[in-house]
Amino acid sequence: MNAAWLPLTALATSLLVAVTIFALPEEARRLRTTINIGAAVVKIILVTLMVRRVAAGHEDIFSFQVIGLDFVLRIDALGVMFAGLSSLLWLCTTIYAIGYLEGSANRKRFFGFFSLCVASTIGIALADNLFTFLIFYEMLTLSTYPLVVHRGTEQALNAGRVYLRYTLSAGVVLLLGAVLLNN
């Protein structure tokens with residue numbers, strides 16, 4: 001049995017949570033918390049299923065073509081190890097952030113982008129080629145920027161500008177390296 005749906009479902013748990021959190025009103029703190037923690041637990045379960053598949057000798061692949069390039073997610077031992085680490089950290093940091101951000105503004109925005117970050121890290125962990133890796137790398141760059149500037153202070157905005165300068169420059173270098181590697 002092919003379990004190509006597993007990596008896609010692991011991504012979808014974070015992506016759907018992000019969309020849901022953005023759609024919720026800011027005051028829906030309890031529901032947002034329940035959704036965040038519930039999705040983190042579901043992701044750990046999905047990664048556990050991936051671990052069992054890898055331990056049984058399976059390497060499942062989900063792929064499709066985008067503008068002539070292959071978008072490929074693969075369940076293999078190394079990718080599952082990183083996906084597992086990301087999933088466990090999502091649960092721990094979510095629990096921490098719920099208390100840490102208590103009483104602060106824009107928690108909805110923070111947790112929405114935080115969920116996009118988790119989706120990005122899962123995508124990076126399970127990426128089977130450079131194209132897929134680059135998509136999730138840039139997605140991570142763009143989704144973490146709002147976390148860097150979350151407080152909205154001048155210091156946070158300056159840090160955000162420096163962050164974008166470094167990460168977008170690194171993304172360009174990575175893209176150039178990928179192009180040179182494929183020529």
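Counting just the residues of the stretch 86-110 that are within 12 Å of the chain's Cα centre (by Cα) and touching a residue at least 24 places away in the same chain (Cβ under 8 Å), which one comes out most open to solvent (accessible area, probe 1.4 Å)? Ranking the candidates gives S86 first.
Has the stretch 22-30 got any residue that is more than 16 Å from L116 (Cα to Cα), modelled with pLDDT of 90 or more, among the hydrophobic types (A, V, I, L, M, F, W, C) and in contact with a helix residue (DSSP H, G or I) (Cβ under 7 Å, 6 or more places away or on another chain)? Checking the stretch 22-30: not a single residue is more than 16 Å from L116 (Cα to Cα), modelled with pLDDT of 90 or more, among the hydrophobic types (A, V, I, L, M, F, W, C) and in contact with a helix residue (DSSP H, G or I) (Cβ under 7 Å, 6 or more places away or on another chain).
Taken over the stretch 55-100, residues that are among the aromatic types (F, W, Y) and assigned to a helix (DSSP H, G or I) amount to 4. Reported count of residues in the stretch 136-158, each being open to solvent by less than 60 Å² (accessible area, probe 1.4 Å) and either closer than 22 Å to T121 by Cα or of a type in the set (D, E) (or both), is 13.
Taken over the stretch 122-135, the criterion of being touching a residue at least 24 places away in the same chain (Cβ under 8 Å), surrounded by fewer than 21 Cβ atoms within 10 Å (Cβ to Cβ) and closer than 23 Å to L88 by Cβ is satisfied by I124, D128. Assess whether I75 counts as being within 17 Å of A3 (Cβ to Cβ) and either open to solvent by 30 Å² or more (accessible area, probe 1.4 Å) or not charged (D, E, K, R) (or both). Yes: the conditions hold for I75. With respect to S63, is the statement that it is under 16 Å from the mean Cα position of the chain (by Cα) and either closer than 16 Å to G123 by Cα or open to solvent by less than 60 Å² (accessible area, probe 1.4 Å) (or both) true? No: the conditions fail for S63.
Condition check: open to solvent by less than 60 Å² (accessible area, probe 1.4 Å) and in contact with an Asp or Glu (Cβ under 6 Å, 6 or more places away or on another chain). Does I44 satisfy that? Considered against the rule, which asks whether it is open to solvent by less than 60 Å² (accessible area, probe 1.4 Å) and in contact with an Asp or Glu (Cβ under 6 Å, 6 or more places away or on another chain), I44 comes out as no. Looking across the stretch 103-132, just one residue is among the hydrophobic types (A, V, I, L, M, F, W, C) and part of a loop (DSSP other than H, G, I, E, B), and that is A105.
Which pairs turn up if I take residues in the stretch 141-152 that are under 13 Å from A18 (Cβ atoms) and touching a residue at least 24 places away in the same chain (Cβ under 8 Å) and look for partners that are in a helix (DSSP H, G or I) and open to solvent by 30 Å² or more (accessible area, probe 1.4 Å) with beta carbon separation below 6 Å, at least 6 apart in sequence or on another chain? From residues that are under 13 Å from A18 (Cβ atoms) and touching a residue at least 24 places away in the same chain (Cβ under 8 Å), the pairs are S143/F113; S143/L116; P146/F113; L147/F113.
The values are calculated or read from the model by the stated rules, or taken from the named source; none is laboratory data. Remember, it's a predicted structure, so these values are computed and weren't measured experimentally. When we count neighbours, we look across all protein chains shown, and the Cβ atoms used for this are built from the backbone with ideal geometry, even at glycine. Side chains included, ligands, DNA and RNA excluded: accessible areas come from the protein's heavy atoms. Shrake-Rupley method; radii C 1.70, N 1.55, O 1.52, S 1.80 Å.
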